[in-house]
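Engineer: Here it is, the structure in full.
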Amino acid sequence: MSGAFRIPSAGRLKQAKTARFSFDGQSYTGIEGDTLASALLANGVHLVGRSFKYHRPRGILSAGAEEPNALVEIRRDAARRTPNVRATVQELYDGLEAQSQNRWPSLSFDVGAVNDIASPMLSAGFYYKTFMWPKAAWKSLYEPRIRQAAGLGVSPDKPDPDHYSSRYAHCDVLVLGGGAAGIAAALAAADAGVRVILADEQAEFGGSLRFEAAAKIDGQDGFSWAQAAVARLSAMDNVRVLSRTTAFGYYAQNFVGLVERVSDHLKNPGHDLPRERLWQVRAKRVVLASGAIERHMVFADNDRPGIMLAGAARTFLNHHGVAVGRNVGVYTANDSAYSAAIDLKKAGVNVAAIVDLRDNPTGPVIDEARALGIEVNFGRAVIRAGGKLRVNSMTVQPKNGGGERTVPVDAILMSAGWTPSVHLFSQSRGKVAFNDETKRFVPGIYAQDCVSVGACNGTDGLSASMDEAYAAGAKAARDASAGDLGAKAGKGTKPKVDASESWSRGMLGAAPGAGPGTTVKAFVDFQNDVTAKDIRQAVHEGMRSIEHVKRFTTNGMATDQGKTSNMHGLAIAAETLGKPIPAVGLTTFRAPYTPVTFGAIISHARGPLFDPTRKTAIHPWAEAQGAVFEDVGQWKRAWYFPQAGEDMHAAVGRECVAVRTNAGLFDASTLGKIEVVGPDAAKFMELLYTNPWEKLEPGRCRYGIMLREDGFIYDDGVVGRLAPDRFHVTTTTGGAPRVMNHMEDYLQTEFPHLNVWLTSITEQWAVIAVQGPKSRDIIAPLVEDIDVSDEAMPHMSVREGRICGVPTRLFRMSFTGERGFEVNVPADYGQAVWEALWAEGQKHGATAYGTEAMHVLRAEKGYIIVGQDTDGTLTPNDAGLDWAVGKKKTDFVGIRGLTRPDLIAKGRKQLIGLKTKDPKVVLEEGAQIVEDPKQAIPMKMIGHVTSSYWSQNCGRSIALAAVAGGRDRMGDTLYVPMPDGVIEVEVTGMVFFDETGGRLNG
Amino acid sequence: MLLIRCPYCEEERPELEFRNAGEAHIARSADIAGDSDDDFEKFFFIRSNPKGIIYERWRHIHGCARFFNAVRDTITDKFVMTYKAGEPKPSKLPNNSNDVVAK
Ligand SMILES: [Zn+2]
């Protein structure tokens, strides 16, 4: 038996297909096709959670995505724990494990429920008011306590083992919502042959046809018609049908985000299946058929388990075959709840009474209810619900006051009317309009190429909805496809409605007994525990705009986004303000419509696929040598090469000494490289760099500085002139893309008259730096047709030729201060040439060195690194590089910026060297520098350390720093205050090793 | 994600392929070195930041790589039109920006 409340004669599920599941450790049986909610109700379980603020017992309010109460944790294994799953959405599978949330120690006895008793202290705006003072208590006392108490559910603490997928799709007509209207629209468009996507959030299409038992279309019951129609659509090549797919966001130019739940409903999802799939759809036309959401009645204790929306009770009965009680009461302000009473009565459930706020309503459902012998009360209100863990009575009173009567019930079905789902329309930036007669916000001014049909458009009745939808689907197809296809739109067979149910208006705001002056807990927003009184209080405390009321009370701010509560909250605020509803305004709907997992959004972009990893051609060699790598932008760079027993300090020290004693090999392939080619190449270089280039001879190199227009250093690098019309430009590793962009920008937009081509060649050339006294001895035997003698190839020159049989651009240059070469070879030959150089190097005591040794060696020579020693506020002069600015030039990018008053003022920060008084102390990079360590805090900081290392070659620590007026402070003592003491430093020049530079040629 | 029409490719392409490059029609002086402090301030620091129509530079960086100009409405985020770099600021905008976007 799949639950004591299952009615075998009702519903569409196959009784034979049972599924076992557990809730809070207790085992139950449901049926395939159940949601967790329907399966729990079949077993008589209504109490499923505790509320957010007051920890009140809560049940199941709805049968769909709007559910604010029945949030549970679904657990597949230790890593697959999903909190805040709506039990009304989660499909049952055999073995499903669910847990209630927000309760301790148990669901029926929850200590946090003391908040309910203390609720006068927890009223609207409580957090804002109570925790304002004293300030110090916020961090130590209030925040940890609130954080512990706040939030529903517990996040999983392990990495998500599931995978997610992502797809882009394009279509002519995208239909969002697969109820009767959506299906009709899709049929009209699909029959024309245009590309259609039809999506619905439920497992099965049909929308409200799931519960509208009286609906008949094309001679079938409504739900069966929906299944047949969707089967026909699915079989068409031009149609994609997506079930379990929620349109969560409507973005610019008909770009819609959908998330498809692929495997959450499966017992054993295969690992080949993603858990969810994100669809990013660009549609020429969108048809919104998102339906309407039923509102609850706002009365005292309307949150007791067993009190639910009338339409939900019908879904549980007519679709799942579950009675939500044995003796139900109905409280309504419109017709649709009568249908629930009628359906239940016919299924053998006792209906204790229908309480209708309206005075003298008439209509077929009312007659039918009476004919079935149901007690019907007009002009009366339910002023209170009895019971705690489950409703056990409703107290009825004439709506204008009078004698009370308490009716025993085990469930109350309520309906205050239906709210059109304008969420997606609003997200599309459309403006809603208030219909004063029906008290509904409906789509008004459209901002995009979309159309609303059916209940979400405020259209009442099945027949009118389907007519409207079919016509709109046909028009959308015509508009999207101008040709023959469009002309055929709407020429198929339009579905014919044979029978439908009656619709009527409802009411907004608090019901009698919960009106102004009352202090009862009549909930407006169940998920955030906001009552009618809270909203009135917000207005009394000065909130005027609905946006302020919303934030002060948190009405509509929970994960359900107020799907059931917004209109009630608005009506109560409007009433309290004494203004009409449209004058108070509707809050803006924002994406996502329902919560979307991070997994679906990031898809495969995590772990190693989060960001591309770039590796040089020589990477495998370094890896085989046991190099430790560091990330530099997207690059993996060999940081140092530890030998047996060496730590980083020892390895770097050894590498640095070896380079200056014999030689070192360094993989410099990540250097940005740009080829500047064309008749005007030199002119272009003159404009983009501070240096003069016209007179640089082919075969020579120059260190170039690039500025931004503001005069600050943007990038630097050695540039070789290969030919009169060809420059080989190098940039910093991290700067390559932005330098390329900067050059292209000026070439295309400021200097388009120059005949120049720019080509990124970073990845085309592998670069092997061979540095040290023996560097020439190492490369000489391998170079075939280049004279590498000092006379033929002095420092700062470049030659094209061959090495190891492959083409090379050979630079004589140095970032170490030693005689050095940089061997550029086509990347495919990078590792082979490296291995040949390495073998040759072994004869001369060469070592491989990494980026750390490279940094130390350049700092020993005072060579700056742009982005480390400069920070975007240093000029060439500040960096001691004034010699690199062409004084006779009349234009280059940054020339005017350099003469700005602040940039030529005295006392600017300048790069200098620092030596600690204790040579063993290594300063911390970023440490602040002061003149007087005894001054009061906050001290006047005059600069900071930009680079700092232990230099094995110097036998001491060295540092570079940017210090105000630094070059006028040579020999001065300054101080670096640190947490464990003040470090005394002496200001020096930037060169710590081989000050005369003799070793460049030595 | 917006669709942006590249005036060089003559196609609407997704926003992902483009990068904004700041305000358009701010000319770099031919004799910039001789500019006054005020002129340089206007050129380098001052931007209009309007509510409504803005003239911007964009680059089709993951496409043809060309810089071009665009007219965009900062209220609706909609692109009103795009045109090639170097072309003058349009003297007249299309009446119905929706039509332009929808094409
Ligand atoms: Zn393009």
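Engineer: All but one of (1) outside any strand (DSSP E or B); (2) among the aliphatic types (A, V, I, L, M); (3) crowded, with 19+ Cβ neighbours inside 10 Å hold for A:Leu389, so report the exception by its number.
Structural biologist: Here A:Leu389 meets the rest and fails (3).
Engineer: Does any residue of segment B:55-66 turn out to be more than 13 Å from chain A (Cβ to nearest Cβ), in contact with a Leu (Cβ under 9 Å, 6 or more places away or on another chain) and in contact (Cβ under 8 Å) with a residue 24 or more places away in the chain?
Structural biologist: No, every residue in segment B:55-66 fails to be more than 13 Å from chain A (Cβ to nearest Cβ), in contact with a Leu (Cβ under 9 Å, 6 or more places away or on another chain) and in contact (Cβ under 8 Å) with a residue 24 or more places away in the chain.
Engineer: Keeping to segment B:15-45, report how many residues are within 16 Å of the chain's Cα centre (by Cα) and either more than 12 Å from chain A (Cβ to nearest Cβ) or within 16 Å of the ligand (Cβ to nearest atom) (or both).
Structural biologist: Going through segment B:15-45 one residue at a time, the tally reaches 7.
Engineer: In segment A:268-291, which residues are closer than 16 Å to A:Thr597 by Cα and basic (Lys, Arg)?
Structural biologist: A:Arg275, A:Arg277
Engineer: Take segment A:737-768 and flag every residue that is farther than 27 Å from A:Val823 by Cα and either open to solvent by less than 10 Å² (accessible area, probe 1.4 Å) or more than 11 Å from chain B (Cβ to nearest Cβ) (or both).
Structural biologist: Matches in segment A:737-768: A:Leu754, A:Asn755.
Engineer: Here's another thing I want to ask about it. For segment A:811-909, which fully contained helices (runs of 4 or more DSSP H) count at least 3 residues that are surrounded by 18 or more Cβ atoms within 10 Å (Cβ to Cβ) and away from chain B (no Cβ under 14 Å)?
Structural biologist: By residue number, A:830-842, A:851-860.
Engineer: What is the number of the single condition among (1) within 12 Å of chain A (Cβ to nearest Cβ); (2) open to solvent by 50 Å² or more (accessible area, probe 1.4 Å); (3) more than 13 Å from the ligand (Cβ to nearest atom) that B:Leu2 does not meet?
Structural biologist: Exception for B:Leu2: condition (2).
Engineer: Taking the criterion of being within 30 Å of A:Pro274 (Cα to Cα), part of a helix (DSSP H, G or I) and open to solvent by 30 Å² or more (accessible area, probe 1.4 Å), would at least one residue in segment A:624-639 satisfy it?
Structural biologist: Checked segment A:624-639: no residue is within 30 Å of A:Pro274 (Cα to Cα), part of a helix (DSSP H, G or I) and open to solvent by 30 Å² or more (accessible area, probe 1.4 Å).
Engineer: Given the criteria more than 14 Å from every other protein chain (Cβ to nearest Cβ) and at pLDDT below 95, does A:Gly444 qualify?
Structural biologist: no
Engineer: Here's something else I'd like to know. Among the residues of segment A:941-983, count how many are in a strand (DSSP E or B), free of Cβ contacts under 8 Å to residues at least 24 places away in the same chain and more than 41 Å from the chain's Cα centre (by Cα).
Structural biologist: 1
Engineer: Conditions: (1) at positive phi; (2) exposed (fewer than 14 other Cβ atoms within 10 Å of the Cβ). B:Pro50 meets all but one. Number of the miss?
Structural biologist: Every listed condition holds for B:Pro50 apart from (1).
Engineer: Suppose the filter is out of contact with any Gly (no Cβ under 6 Å at 6 or more places or on another chain) and surrounded by 18 or more Cβ atoms within 10 Å (Cβ to Cβ); does A:Ala369 pass it?
Structural biologist: Considered against the rule, which asks whether it is out of contact with any Gly (no Cβ under 6 Å at 6 or more places or on another chain) and surrounded by 18 or more Cβ atoms within 10 Å (Cβ to Cβ), A:Ala369 comes out as yes.
Engineer: Moving on to the next point. Can you confirm whether A:Glu675 is surrounded by fewer than 16 Cβ atoms within 10 Å (Cβ to Cβ), away from every other protein chain (no Cβ under 14 Å) and out of contact with any Pro (no Cβ under 9 Å at 6 or more places or on another chain)?
Structural biologist: No; evaluated as a whole, the condition is false for this residue.
Engineer: (1) under 37 Å from the mean Cα position of the chain (by Cα); (2) crowded, with 24+ Cβ neighbours inside 10 Å: which one isn't true of A:Glu212, the others all being true?
Structural biologist: Condition (1) is where A:Glu212 drops out.
Engineer: Looking at this structure, is A:Thr916 in contact (Cβ under 8 Å) with a residue 40 or more places away in the chain and either open to solvent by 20 Å² or more (accessible area, probe 1.4 Å) or in the same structural domain as A:Ser951 (by TED's automatic domain parsing) (or both)?
Structural biologist: Yes: the conditions hold for A:Thr916.
Engineer: So, in segment B:80-96, of the ones that are open to solvent by less than 60 Å² (accessible area, probe 1.4 Å) and touching a Phe, Trp or Tyr at 6+ places or on another chain (Cβ under 8 Å), which residue ends up farthest from the ligand (Cβ to nearest atom)?
Structural biologist: Only one residue fits best here, namely B:Pro90.
Engineer: Assess whether A:Glu694 counts as being open to solvent by 10 Å² or more (accessible area, probe 1.4 Å), in contact with a strand residue (DSSP E or B) (Cβ under 9 Å, 6 or more places away or on another chain) and either in contact (Cβ under 8 Å) with a residue 12 or more places away in the chain or not in a loop (DSSP other than H, G, I, E, B) (or both).
Structural biologist: Taking the combined requirement at face value, the residue does not satisfy it.
Engineer: Out of (1) modelled with pLDDT under 95; (2) facing chain A (nearest Cβ under 8 Å); (3) open to solvent by 70 Å² or more (accessible area, probe 1.4 Å), what's the single condition that is false for B:Val101?
Structural biologist: In the conditions (1) modelled with pLDDT under 95; (2) facing chain A (nearest Cβ under 8 Å); (3) open to solvent by 70 Å² or more (accessible area, probe 1.4 Å), B:Val101 misses (3) alone.
Engineer: State all residues of segment B:67-94 that are of a type in the set (A, V, I, L, M, F, W, C) and within 12 Å of chain A (Cβ to nearest Cβ); if no residue qualifies, say none.
Structural biologist: If the condition is that a residue be of a type in the set (A, V, I, L, M, F, W, C) and within 12 Å of chain A (Cβ to nearest Cβ), then B:Phe67, B:Phe68, B:Ile75, B:Phe79, B:Ala85 are the ones that fit.
Engineer: Being out of contact with any Ser or Thr (no Cβ under 8 Å at 6 or more places or on another chain), open to solvent by less than 20 Å² (accessible area, probe 1.4 Å) and within 14 Å of another protein chain (Cβ to nearest Cβ) is the filter here; which residues of segment A:704-736 pass it?
Structural biologist: Answer for segment A:704-736, where residues must be out of contact with any Ser or Thr (no Cβ under 8 Å at 6 or more places or on another chain), open to solvent by less than 20 Å² (accessible area, probe 1.4 Å) and within 14 Å of another protein chain (Cβ to nearest Cβ): A:Glu709, A:Asp710.
Engineer: Could you list all residues from segment A:26-45 that are part of a helix (DSSP H, G or I) and more than 36 Å from the chain's Cα centre (by Cα)?
Structural biologist: Within segment A:26-45, A:Ala42 is the sole residue that qualifies.
Engineer: In addition: Which condition number does A:Ala682 fail, the rest of (1) open to solvent by less than 10 Å² (accessible area, probe 1.4 Å); (2) in contact with a strand residue (DSSP E or B) (Cβ under 7 Å, 6 or more places away or on another chain) being met?
Structural biologist: Exception for A:Ala682: condition (2).
Engineer: A follow-up question, please. Quick test of your reading of the structure: B:Glu10 fulfils all but one of (1) away from chain A (no Cβ under 12 Å); (2) within 13 Å of the chain's Cα centre (by Cα); (3) open to solvent by 50 Å² or more (accessible area, probe 1.4 Å); (4) at pLDDT 95 or above. Name the failing condition by number.
Structural biologist: Condition (2) is where B:Glu10 drops out.
Engineer: For segment A:547-608, please list each of the helices (runs of 4 or more DSSP H) lying entirely inside it that holds at least 1 residues being under 19 Å from A:Gly430 (Cα atoms), in the same structural domain as A:Ala532 (by TED's automatic domain parsing) and touching a residue at least 40 places away in the same chain (Cβ under 8 Å).
Structural biologist: Filter on segment A:547-608 gives A:566-577, A:581-584.
Engineer: (1) under 27 Å from A:Ile7 (Cα atoms); (2) open to solvent by 50 Å² or more (accessible area, probe 1.4 Å): which one isn't true of A:Asn435, the others all being true?
Structural biologist: Here A:Asn435 clears every test but (1).
Conditions tested, residue by residue: (1) closer than 27 Å to A:Cys171 by Cα; (2) within 14 Å of another protein chain (Cβ to nearest Cβ); (3) basic (Lys, Arg); (4) open to solvent by 30 Å² or more (accessible area, probe 1.4 Å).
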site	(1), (2), (3), (4)
A:Tyr470	yes, no, no, no
A:Ala477	yes, no, no, no
A:Gly483	yes, no, no, yes
A:Gly509	no, no, no, no
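Engineer: Now a separate question. Can you confirm whether segment A:770-777 contains a residue that is in a strand (DSSP E or B), touching a residue at least 40 places away in the same chain (Cβ under 8 Å) and not assigned by TED's automatic domain parsing to the domain that holds A:Gly867?
Structural biologist: Yes, segment A:770-777 contains a residue that is in a strand (DSSP E or B), touching a residue at least 40 places away in the same chain (Cβ under 8 Å) and not assigned by TED's automatic domain parsing to the domain that holds A:Gly867.
Engineer: Specify the residue that is nearest to the ligand (Cβ to nearest atom); the eligible residues are those in segment B:49-79 that are among the hydroxyl-bearing types (Ser, Thr, Tyr) and under 13 Å from the mean Cα position of the chain (by Cα).
Structural biologist: Within segment B:49-79, the match that is nearest to the ligand (Cβ to nearest atom) is B:Tyr55.
The values are calculated or read from the model by the stated rules, or taken from the named source; none is laboratory data. Keep in mind that this is a model prediction, so the values were computed, not measured. Glycine gets a Cβ as well: all are built from the backbone with ideal geometry, and neighbour counts include every protein chain shown. Each accessible area value is taken on the protein alone, full model and side chains, heavy atoms only, with ligands, DNA and RNA left out. Shrake-Rupley method; radii C 1.70, N 1.55, O 1.52, S 1.80 Å.
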